Amino acid sequence: MSFNIVYDCGEWKQSKHAQSVVSTAFSKEEDIDVLFISHFDWDHVSTISTLISSTKSIRTVVLPLLTKKEKNLLINFNRVLSLGILELIDDPKSFFGPTTNFIYVRSDSDRDYTEEDNEGIDLQDFSQSNSNSITINSGTPLEIGNASKWFFVPYNHKDTERKKELLEALQIRGFNINRLENDSNYTLCKSTDRNTRKELRSIYDSLSGKINENSMLLYSGPSNIRSRDCILISEFVGDELDCTYSSSYKAGCIYTGDCDSNKVQLGSVYSRFIDYIGVIQIPHHGSKYDFNIDVFKAFDSLICPVSYGTKNTHEHPAAEVINTLSLNHFRPILINEQLNSIFRQRICCFEIKRNKNLSKV
Ligand SMILES: [Zn+2]
């Protein structure tokens, strides 16, 4: 069985390389079974339209549930920034077309969110219909049929501190926050003024794109190794510059988007899977402001991909992040838009026989 998943799909500014990486990653005959969107920043969603045009279909999209206010604020910002992702934020159904289904994930600070009510959803059953749309809690497992040993667990973390920084910056420059949050047409009339546009742009840049409070984490990994008497080991093949190597780590992975590891305890969010995790993507492209080594120390032995654009102006990834990871015996891997920058994980499942020998299945 093959099952294609994509977590975020974007580029730093406009990059020819990124377009060709996306357009050649899958064939025109292939479906993307599930696309996960961590949040609506340009560098995480800008090449989704290329993904749509270079594949057969996108069956299911899993994305953070936004409140009306969050949506309006993003719409007002993105209109002024002239970033072509307005339709994706405003009306995902019309952006993706009638054959795509949607799973919206409540944030962990949502009033309707309760940790108990997290019954699993089978992605294959769900994608049988068209234009299906449901809302789930953070932490709900998304399965691939009954027999699969692999599943996905999205967790929409909301960083309320982030909002404070943004509101402060807007207030100082005299923006009407109430209208930015409640009137999606606010900047339509205001943006004719060049200075206003410039001001909003500089606020966006000063917060290094973090105008989204949400960043949806994702666990992608074994569902329950022990009950099946089976352990999973992955071998990694990294083609980074001229260096190729192969080694074994646990197969489970956490994708982190632009979350701040000072604010979200990955080890507690995914405590159930802590023994299965061997890969954690370094949050926010390796920014030193969102990095906390103590969070990673909750895990055993880790390989840590860091994704970034080579031309970014935020000095991502920070040298001190890479050094700290290495000094703590974790293995950072730098991934960018260059075609030779590839990180592959091959997963082998071993059954534990009675005589304790491992046999590959
Ligand atoms: Zn980003």
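Could you list K93, K198 in order of exposure, starting from the residue whose Cβ has the fewest other Cβ atoms within 10 Å?
Least to most surrounded, the residues fall as K198, K93.
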Worksheet, complete the sentence: Expected sort for V62, V21 with the fewest Cβ neighbours (10 Å cutoff) up front is V21, V62
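With a cap of 15 neighbouring Cβ atoms within 10 Å, and only residues DSSP puts in a loop, list the trypsin sites (Lys or Arg not before Pro) found in region 124-174. List each step's numbers first, then the result.
Details: sites: K149, K158, R162, K163, K164, R173; in loops: K149, R173.
Filter output for region 124-174: R173.
I need to check one value: relative contact order of region 59-216, counting alpha carbon pairs closer than 8 Å and at least 6 residues apart, in percent.
On the way: 242 pairs, mean separation 45.3, N = 158.
Worked out over region 59-216, it gives 29 percent.
Distance check, please: which entries in K149/K250; K158/K263; K16/K56; K158/K297; K68/K164; K93/K158 exceed 20 angstrom between their Cα atoms?
Where the Cα-Cα span goes over 20 Å, the pairs concerned are K16/K56; K158/K297; K93/K158.
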Fill in: Charge sum, other residues only, whose C-beta stays under 12 Å from D8's C-beta, Lys/Arg counted +1 and Asp/Glu -1
-4
Fill in: Highest-MSF residue in the chain out of A319, A169, A251 [GNM, Cα springs under 10 Å]
A319
Worksheet item: For T313, what is the net charge nearby, where nearby means another residue's Cβ is under 13 Å from its Cβ and Lys, Arg count +1, Asp, Glu -1?
Response: -1
Worksheet item: Got a sec? How would V6, V264 order by Cβ neighbour count within 10 Å, fewest to most?
Response: V6, V264
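Using the Cβ atoms and a cut-off under 13 Å, what net charge is assigned to the surroundings of E181, where Lys and Arg are +1 and Asp and Glu are -1?
Net charge around E181: +2.
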Worksheet item: Quick one: which of 210-216, 150-156, 293-299 comes out on top by average Cβ neighbours within 10 Å, and what's the full order, highest first?
Response: 210-216, 150-156, 293-299
Practice prompt. Quick one: angle between helix 160-172 and the longest Cα principal axis of the chain, in degrees between 0 and 90, rounded to 10, please.
Written response: 20 degrees
Discussion item. Helix-only mean residue ellipticity at 222 nm, the chain, DSSP H runs n ≥ 4 weighted -39,500 (n - 2.57), per residue, nearest 500. What is it?
Written reply: -7000 deg cm²/dmol
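Which percentage, to the nearest 5, of the DSSP beta bridges contained in the chain is antiparallel? The partial results should precede the final answer.
Working: 31 of 60 bridges.
So the antiparallel bridges amount to about 50 percent of the total.
Each value in this text was obtained by applying a stated rule to the coordinates, not by laboratory testing. These numbers come from a predicted model, not from an experiment. Quick reminder, even Gly has a Cβ in these numbers, built from the backbone with ideal geometry, and neighbours come from all protein chains shown.
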